[in-house]
1. Out of all the residues in segment 1-20, which are at pLDDT below 75 and under 14 Å from the mean Cα position of the chain (by Cα)?
2. What are the residues in segment 21-57 that are assigned to a loop (DSSP other than H, G, I, E, B), closer than 20 Å to Asp69 by Cα, open to solvent by 100 Å² or more (accessible area, probe 1.4 Å) and at pLDDT 80 or above, if any?
3. Of everything in segment 58-71 that's part of a loop (DSSP other than H, G, I, E, B) and in contact (Cβ under 8 Å) with a residue 24 or more places away in the chain, which residue is nearest to Asp19 (Cα to Cα)?
Amino acid sequence: MSALPAALAPFVSALTAYDLGTVGGVHRGLPSSTVSITIPEGDRLEIGWLARPGSRERLRAVVAGLHLDAA
């Protein structure tokens, strides 16, 4: 977990950086009662909802949370 800047402390409970690897990787976004923001450093993220065939897109950033299905 990364150090949380004081200016974000009232609004953010945790700040975590992770690497999907140089050859790509998969992150499974599970249903949650919190909101997460994902901003890639390099290429766009490829996002799709497991329960929604054909929903796959490449995006520059993603805000997710309060959902019932896995992404």
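The values are calculated or read from the model by the stated rules, or taken from the named source; none is laboratory data. As the structure is a computational prediction, the values presented were derived from the model and not from experiment. FYI the Cβ positions are ideal-geometry reconstructions off the backbone, even for glycines, and counts take in every protein chain you see. Ligands, DNA and RNA are excluded from the accessible area calculation, which covers all protein heavy atoms including side chains. Shrake-Rupley method; radii C 1.70, N 1.55, O 1.52, S 1.80 Å.
1. Filtering segment 1-20 for residues at pLDDT below 75 gives 1-2, 18-20.
Scanning segment 1-20 gives Tyr18, Asp19, Leu20.
2. Result: Arg52, Pro53, Arg56.
3. Here the residue is Ala61.
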